[in-house]
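Q: Please read through the structure below; I'll follow up with questions.
Since every read-out is calculated from the coordinates, none of them should be taken as a lab result. Values in this document were obtained by computation on a predicted structure and should not be read as measured data. Neighbour counts are summed over all protein chains in view; Cβ atoms, including those assigned to glycine, are modelled from backbone coordinates with ideal geometry.
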Amino acid sequence: MHSRIFQMKSAISWWLFGPILLLLTGSGFFQFRDEPQSVWITIGVLLFVGSFLLNTKYTIFSDGTLKVVSGFMPFPKVDLKEVTAVVYTRNPISSPALSLRRLAIYKGNSLLIIISPENREAFINEMKKFNDSLSVVLK
């Protein structure tokens, strides 16, 4: 395995995840009053959601590959030398991105993955170190 040279966590849209966490916690409290054993279901769901909030990250390795991990789910590696475009987007499609301030990564006309690094500009600058012909499209 090549060494990691750059890693960034996902930005998080708390306006979206905050209410979800409050609803889960609140429903768990009311379930606990009626059926104490049901609290384990709520704890399990909170741990599941928390794994994504705490462990969604994007790592660039010295060989120019991008590894994306979200929660316990790894995604296929992306060879940055093959990326043709990065597009700023707010597309809400399901992806390993916890914010709607996203980057869509393309190879030709094919969408490879959508991510939401905490600092999009810094992440793009790191990508350009492996692919100086990378096209950046602002939307």
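Q: Lysines near LYS77 by alpha-carbon distance under 22 Å, same-chain residues fewer than 8 away left out - which ones?
A: Within the straight-line cut-off, LYS77 pairs with LYS9, LYS57, LYS67, LYS107, LYS128, LYS129.
Q: Taking the number of other C-beta atoms within 10 Å as the exposure measure, put ARG101, ARG120 in order starting with the fewest.
A: Going from sparsest to densest Cβ surroundings: ARG101, ARG120.
Q: While we're looking at this one, here's another question. With n ≥ 4 as the cut-off for DSSP H runs, can you work out [θ] at 222 nm for the chain, using -39500 (n - 2.57) per run divided by the number of residues, rounded to the nearest 500?
A: -11000 deg cm²/dmol
Q: Given TYR106, VAL45, LEU66, which one lies farthest toward the positive end of the charge dipole of the stretch 2-139, if we put +1 on the Cβ of every Lys and Arg and -1 on the Cβ of every Asp and Glu?
A: Checked the options; the winner is TYR106.
Q: Whose amide H sits under 5 Å from the amide H of ILE5, counting only residues 5 or more places off or on another chain, with H placed in the peptide plane?
A: Counting only residues 5 or more places away or on other chains, the set is ILE60, PHE61, SER62.
Q: Then there is this: Multiply the residue separation of SER38 and LYS77 by 0.36 nm, subtract the distance between their alpha-carbon atoms, and state the gained length in nm to one decimal.
A: Difference between extended and current length: 10.2 nm.
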